[in-house]
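Notes follow once the structure below has been shown.
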Amino acid sequence: MQYAGPLTKEPGLTNEWMNRPAIISGCPPGLEYLTQLDKVKVEQLVSLVEAFTGFERNNKYVLRNANNEQFLYAFEDTDTCMRICCGNQRGFKFHIVDNLKQEVMVISREFKFCAGCCWCAGCCMCCSFEVRVEAPPGNLIGTIKQKGSFWKASYDILDEIGNVILKIEGPCCICDGPCCPCDNEFKLLTSDGMAQIGNLTKEYSGFAKECCTLADKFSISFPMDLSVKAKGKFLLKSDFFKVLSHSQIH
């Protein structure tokens, strides 16, 4: 799907866009950028309405490379009732568009009434969050499933046929806010969980910014030779970080 109009105007505060690579066989259209990257910066756009009123709006993110060149824009599409009544437990859908306004990926999670508690996530599917990743939209390339844990947030990254290809391990305590001057790191692990090959870090923005805004910043690193589909699935972890990680109960 191609969008017209102002969808990329709001994040396009800078005219520095990453040049789109040539089409690569076997790579989902629009994700060719990821073949050239081993580090990504993700910045949530500031919502003044949300900052001053506390009324939660749909989240929006700009994705940039290490040179601060923008290559993707992610925006949430969740109805008002779901956001207000369910908060971070809500179901959601994120649309990812490139600098040509072409939708290249869709990330979605169904609402589950009893899901979110990491202690119960291993008991049954109805107590575990599951996120679907489609690239291009309509073509499932994998899922991220919450795993049961008594200590740290834990997730499996699965391919399109359900095989575990990577694991994500969160911190034992997610500390967020102006009085918590520390970064929160999610580790990217091999499928057996024995070796760390990357990470996703929610960066502390400083006391003043943390007080006045609800916008977050993330940095992501992964091996250059990691498959594009695996990069895309790990990349989305930042897009719903605020929605997903703050819904964990430790």
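The values are calculated or read from the model by the stated rules, or taken from the named source; none is laboratory data. In this text, all values refer to a predicted model and were calculated from it rather than measured experimentally. SASA here: full protein model, heavy atoms, side chains in, ligands and nucleic acids out. Shrake-Rupley method; radii C 1.70, N 1.55, O 1.52, S 1.80 Å.
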- Using modelled amide H (1.01 Å from N, peptide plane; none on Pro or chain starts), what sits under 5 Å from the amide H of residue 58, excluding residues fewer than 5 places away? none
- Task: For 234, 75, write out the residues from largest to smallest accessible area, computed with a 1.4 angstrom probe and no ligands counted.
- Result: 75, 234
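Within the set 202/233; 93/233; 112/167, which residue pairs have Cα atoms separated by over 19 Å?
Numbers: 202/233 17 Å; 93/233 14 Å; 112/167 22 Å.
Those over the limit are 112/167.
With a 1.4 Å probe and all protein chains kept in place, how do 192, 38 rank by accessible area, largest first? Could the numbers behind the result be given before it?
On the way: 192 100, 38 75 Å².
Highest to lowest solvent-accessible surface, that is 192, 38.
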- On the full set of protein chains, 1.4 Å probe, figure out the accessible area of residue 24 and give it in Å² to the nearest 10. 70 Å²
- Message: Could you sort 194, 18, 224 by their accessible area in this structure, using a 1.4 Å probe and putting the largest first?
- Response: 194, 224, 18
- Long-range amide H partners of residue 216 with built H, under 5 Å: 44
- Accessible-area value, residue 167, 1.4 Å probe, nucleic acids and ligands omitted, Å²: 60 Å²
